[in-house]
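These notes are about the structure you will find just below.
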Amino acid sequence: MDNKHSQSIPQEVLDQIKTKVGEIIGLVKPYAVVMTDDERASVLKVGDRSFAFITKAFAYTQTNPEFIPSFLNVKDFEIDIKDADGHPELVTLINQLYNYFDDTKLAARSEAYLAGLYYYGSVQQAAAVNLPGAKAIYDDLKQYFTIKSSKSTDSKTK
């Protein structure tokens, strides 16, 4: 059995990560916007082409302010421009961190499931030859492999 995941992340490392991520969240939280699902669904969706338009329009507010409508707050526009790219260099690092944990979880679950299947197969064989204690374990574990039918258990419905 090829085992890629052969070392757990030590608890002290996980504790340090939790502390540092908490610190990062504390740094970002005062400036972050939190949206409900309805709010996310209702905002204008902006792709790369539209984002290029936005940056060009903002540049024109700087070079040609005479065309700025009186109701447009250019300072707010500038704040929006600063954060509108989503800070890709930070998002890339955060995604990398997420992928480390997600890939580790995927590998660990896969390997643990395979180990569990090996054990289950051994217990199944032991139960088949009536080794003491094997049947109780087999009966407990086999429930994870039964297919639940959506049909009624009453077969007399004709």
Exercise for review: Taking Lys82 as the residue in question, decide whether it is modelled with pLDDT under 95 and in a helix (DSSP H, G or I).
Suggested key: yes
Study note, to complete from the structure: Val123: passes all of (1) of a type outside the set (D, E, K, R); (2) in a loop (DSSP other than H, G, I, E, B); (3) more than 30 Å from Phe53 (Cα to Cα) but (2)
Review point. Considering only residues of region 84-106 that are closer than 14 Å to Thr55 by Cβ and in contact (Cβ under 8 Å) with a residue 24 or more places away in the chain, which is surrounded by the fewest Cβ atoms within 10 Å (Cβ to Cβ)?
Key: Asp85
Check your understanding: Is it true that Asp76 is assigned to a loop (DSSP other than H, G, I, E, B), of a type in the set (Asp, Glu) and exposed (fewer than 10 other Cβ atoms within 10 Å of the Cβ)?
Key -> no
Point to revise | The lone exception for Asn3 - which of (1) in a helix (DSSP H, G or I); (2) outside the structural domain of Ala115 (by TED's automatic domain parsing); (3) not aromatic (Phe, Trp, Tyr) it fails | key: (1)
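The values are calculated or read from the model by the stated rules, or taken from the named source; none is laboratory data. Since the structure is predicted, the reported quantities are computational estimates derived from the model, not experimental observations. Please note: Cβ atoms are built from the backbone with ideal geometry, for glycine as well, and neighbour counts cover all protein chains shown.
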